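Read the structure below first, then the notes.
Derivation of every value follows stated rules applied to the coordinates shown; laboratory data play no part. Here the structure is a predicted model, which means the values were calculated and not measured. No Cβ is skipped: glycine too gets one built from the backbone with ideal geometry, and neighbour counts run over all protein chains shown.
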Amino acid sequence: QNHLFKDLDLNISKGEKIALVGPNGCGKTTLLKIISNRIAADEGEVWLGSRVEPGYYGQEYEDLDPQNTVLEEILANFDIQIEQARTVLGSILFSEDDVFKPIKNLSGGEKGRLALLKLILSGANFLLLDEPTNHLDLDSCQTVEKILQDYEGTLLMVSHDRYFIDQIADRVITLQNGRLESYHGNYSYYQEKVQSRNKADMAARREAAREQSKPEIAAREQKKEQERIRRKRIRALEDMEHRITELEEQKSRIEIKLSDPLTYSEEENARAFTAAYKELEEELQFAYNEWEELSKLLEDEPMEGNNDELFAR
């Protein structure tokens, strides 16, 4: 039987803000849904504290009623006056006539903001967020970022947005090959540790290769290791290409803002976009450098075995 993961042991303390990262298809969303009791695990148990109230935020916004307006959605779900509802909606960029928009006509970013507001108003003190910045424009991303920075509860989120994770998370957990690994720090700290470990691993492998004798058994084992490393690098290259695409899209959105004269009507707003643009350029350069390094590593490797199978992954 194939498993996404097995024998996982994860402890989350009150007030932690955790980013769950890993390659596509490794089971991150499945794990969130198991913890939030959206789906059942094949075996094992999830234990929540007696006062823990989980709240789940999915990519499909299934908890929003498309027939309601924005204002009706809040009034229908919470004991709140109209003026109070309009005030909290204004805090997430729904102002004036925006509150009368039907939910079915909202953009992905607008639905995301509304879904997150509902979670906060529900009193949930343990948020489980699946790709909270997907489909969001820059303004919506900044709004969601501010909400989560100010949030005083516990947070477990899945995200591919490195900058977003850096601003929110105080712990990064990787899920890969069915195993969890924890790093107490933000995404930059996690990347630093991974790169340091990879360099040490590479140096150790080179030293081991120099020391190895050439018997047939050792040669077979070395070939298996090379194939494993190659597959790992191919997966890393694919992840980096995905990241570059995301960064290019974010850069394009900011370029649109910077090309709009209205952006410069508020100096603080213009500075923020300019700073964000500069940071994105630096991230892109870093990503391209990583991509080039991985590409060179793959090009320099001996092309042995079933390469079609390797690249098919």
**Study point:** Degrees separating the helix 138-150 axis from the principal Cα axis of the chain, which is the longest one
**Key:** 90
Revision key, fill the gap. Once the in-chain neighbours fewer than 8 apart are removed, the lysines whose Cα is under 25 Å from Lys28 read Lys6, Lys14, Lys17, Lys111, Lys118, Lys146, Lys193, Lys232
Exercise for review: Calculate how steeply helix 216-258 sits against the longest principal axis of the alpha-carbon atoms of the chain, using the helix alpha-carbon long axis, and give the answer as 0 to 90 degrees to the nearest 10.
Suggested key: 30
Check your understanding: Hey, what angle do you get for helix 108-121 against the long axis of the chain, alpha-carbon based, 0 to 90 degrees rounded to 10?
Key -> 70
Revision key, fill the gap. Over the chain, the sum of -39500 (n - 2.57) across DSSP H runs of at least four, divided by residue number and rounded to 500 deg cm²/dmol, gives at 222 nm -18000 deg cm²/dmol
Check your understanding: Using the per-residue mean of other Cβ atoms lying within 10 Å as a proxy for protection, in what order, highest first, do the peptides 112-121, 87-96 fall?
Key -> 112-121, 87-96
Review point. How would you rank Glu53, Glu131, going from fewest to most other Cβ atoms within 10 Å of each one's own Cβ?
Key: Glu53, Glu131
Check your understanding: Under a GNM of the chain (C-alpha, springs under 10 Å), which listed residue has the highest mean-square fluctuation: Lys224, Lys14, Lys28?
Key -> Lys224
Exercise for review: Please name which of His242, Ser259, Ile82 has its Cα lying farthest along the dipole of the chain towards the positive end, using unit charges on Cβ (Lys, Arg +1; Asp, Glu -1) and the Cα centre as origin.
Suggested key: His242
**Study point:** Under 15 Å, Cβ to Cβ, from Glu62 - net charge with Lys/Arg +1 and Asp/Glu -1
**Key:** -1
Review point. Given a Förster distance of 51 angstrom, what is the FRET efficiency for Ala219 paired with Glu62, based on the Cβ-Cβ distance and rounded to 0.05?
Key: 0.40
Practice item. Between Ser188 and Asp42, take the C-beta separation as r, use R0 = 35 Å, and let me know the FRET efficiency to the nearest 0.05. Key: 0.45
Check your understanding: Pick the calculated Rg and Dmax of the Cα atoms in Å for this structure from (i) 18.8, 59; (ii) 22.9, 80; (iii) 22.0, 67?
Key -> (ii)
Point to revise | Simple spin-label estimate for Ile234 and Gln176 in nanometres, 7 Å along Cα-Cβ | key: 1.7
Point to revise | Approximate spin-label separation Ser13-Asp201, in nm, with each point projected 7 Å along Cα-to-Cβ | key: 2.8
Check your understanding: Peptides 15-22, 264-271, 292-299: what's the order by average Cβ count within 10 Å, highest mean first?
Key -> 15-22, 292-299, 264-271
Study note, to complete from the structure: Ranked output for segments 181-187, 166-172 by mean other Cβ atoms within 10 Å, highest leading, reads 166-172, 181-187
Study note, to complete from the structure: Dimensionless Rg/Rh of segment 17-183, both radii on Cα and Rh by Kirkwood, sits at 0.97
